[in-house]
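Below you'll find the structure, written out as structure tokens, and then a few comments.
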Amino acid sequence: MKKITFTFTVLLFACLLFGQAKVKKGFGFGALPAISYDSDLGFQYGALVNLYHYGDGSRYPKYNHSLYLEYSRYTKGTGINRLMYDSETLIPKVRTTLDITYLTDQMMDFYGFNGYQSVYDVDLSKSTRHFYKNERNMFRIKADFQGNFGSSKLGWVAGYTFYNFAIDTVDIQKLELNAIQGGTLFQRYIKNGLISADESNGGSINYLKLGLKYDSRDQRACPMKGIWTEAVIQTAPGFVNEYAHTKFAFIHRQYFTLMKDMSLAYRIDYQTTVGKGHVPFYAQPLLITSFLTAASNQGMGGKNSIRGVLRNRVVGDAVGFGNFEFRYKFLRFEWLKQNFYLGTNIFFDSGIILKPIEISANLTQNQKTELYLTDYQKGKFHSGVGMGLKIGWNENFVISADFGKAFDKQDGNTGMYIGLNYLF
């Protein structure tokens, strides 16, 4: 608990040191130590810098241009190298977001396909910590554009994303780990043909995205009322991709004021493969959204989707999940001429495989045992429950801690996530 308390102290000190409450004009500058905690990734350390340009100040606290740079590492082997530009004035009446990111992960989670069809051996995970791991480095270039139809709250989204995945087995020599008899789960999937040799080392994907949105939120950081809904098609066309495929996503978020400073918020997310085509295994965990608020948005399980459940535990060809939160800002105060609030949230998260990834029916019982596979059971949910603490600074900057508990031991035990912002 001492390390967690230290994390909060550093973040709070940093936001006080670099924060500005008065109206800003021209250029603004913010620098923070990138310190957080995620039970799936470990402690984060590094730095981030955010440069703002507010113009004449008439749009403050909105900015005209934002340039975000982050260099950080997690103690369990993940690295983030990110450059993001965001503007609502570069192209008049269009929000433009450009992102270049390189993510390294020496111990990426791989629990197999289709949720509970892949048995999670708790004891094996404890005794051989790299059995459910592989190495994955991801490079991404992302350009997103959003606009409204006239003065209405209905709008459009469009974008292009390039991914390159470099995938390998865990480097046991570098990490000083022992070889596993029979190989890791990832190696066994390749050996038995569940992951083809052509896909096993990764590859590149070019995605085109187009969709509609409706946004009536009263604010972005912690809405008290309104709706934010997206319907997006994302396609990897065959003329520029080795594996052509198309995904559809529908994401609905709604916010209700129950009483002053108390709200109910929920998010429903549905994603599926449409039409013919083949989705490579490394693209299946990617979750579609019109605007990327974090370094990545992938995998059902973990801080971005089902808190308390293991990261990337739930991977399928069509998935759905929901998040339900009661939020309450129970104390407001002013300190050092800055406005703060303390808040809490009680949440329930749950997800389900709606269409499984196809697994050969010709596997022998010995192969199924080696792969930790059982029969697919339709309609089983992966769920977690928990609560969190929020420290809000001038409404827009939110330090967040969430603690989640999985319902089923097959999904793990607990998860602790310290960082920035509400989940949605």
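When each of the peptides 300-307, 122-129 is scored by the mean number of other C-beta atoms lying within 10 Å of its residues, the order from highest to lowest reads 300-307, 122-129. Expressed in units of 2.2 N^0.38 Å, where N is the residue count, the Cα radius of gyration of the range 176-291 is 1.49.
Structure remark: mean-square fluctuation, Gaussian network model of the chain, C-alpha springs under 10 Å; the largest value among L175, L287, L69 belongs to L175. The calculated FRET efficiency for K191 paired with S216, based on their beta-carbon distance and R0 = 56 Å, is about 0.60. Can you send over the carbon and sulfur percentage of the accessible area for the chain, probe radius 1.4 Å, protein chains only? Answer for the chain: carbon and sulfur cover 59 percent of the accessible area. To the nearest 0.05, how large is the calculated FRET efficiency for K276 and V240 if R₀ is 22 Å and r is the Cβ-Cβ distance? With R0 = 22 Å, the Cβ-Cβ based efficiency is 0.80.
For the range 314-424, relative contact order (Cα pairs under 8 Å, six or more residues apart, normalised by length) works out to 24 percent. Shown here: P(r) over Cα pairs in 20 Å bins from 0, in percent, derived from the displayed model; of the candidates (1) 23, 41, 23, 13, 1; (2) 24, 52, 23, 1; (3) 24, 60, 16, 0, it corresponds to (3).
Here the gap between L331 and N206, fully extended at 0.36 nm per residue and compared with their Cα-Cα distance, gives a gain of 40.3 nm. Relative contact order for the range 236-330: 30 percent, from Cα pairs under 8 Å spaced at least 6 residues apart, divided by residue count.
Relative contact order of the chain, taken over Cα pairs closer than 8 Å and 6 or more residues apart, is 13 percent. Using Cα atoms only, what is the angle between the long axis of helix 2-18 and the major principal axis of the chain, expressed in degrees (0 to 90) to the nearest 10? Helix 2-18 sits at roughly 40 degrees to that axis. Using just its DSSP H runs of length 4 or more, each adding -39500 (n - 2.57), the chain gives a mean residue ellipticity at 222 nm of -2500 deg cm²/dmol after division by all residues.
If R0 is 35 Å, the Cβ-Cβ spacing of D121 and D261 corresponds to a FRET efficiency of close to 0.20. Accessible surface calculations at 1.4 Å, restricted to protein heavy atoms, place the range 220-358 at 40 Å² per residue. Residue pairs exceeding 30 angstrom between C-alpha atoms, taken from K62/K213; K260/K380; K142/K303; K191/K378: K260/K380.
Each part gets one Cα centre, and for the range 123-142 versus the range 271-348 those centres are 20 Å apart. With both labels modelled 7 Å from their Cα along Cα-to-Cβ, the L69 to T89 distance reads 2.2 nm. A simple spin-label model places pseudo-atoms 7 Å from Cα toward Cβ; at I172 and N362 they are separated by 3.0 nm.
The values are calculated or read from the model by the stated rules, or taken from the named source; none is laboratory data. Note that this is a predicted model, so its numbers are computed, not measured. When we count neighbours, we look across all protein chains shown, and the Cβ atoms used for this are built from the backbone with ideal geometry, even at glycine. Remember, those area values only see protein heavy atoms, side chains included, never the ligands or the DNA or RNA. Shrake-Rupley method; radii C 1.70, N 1.55, O 1.52, S 1.80 Å.
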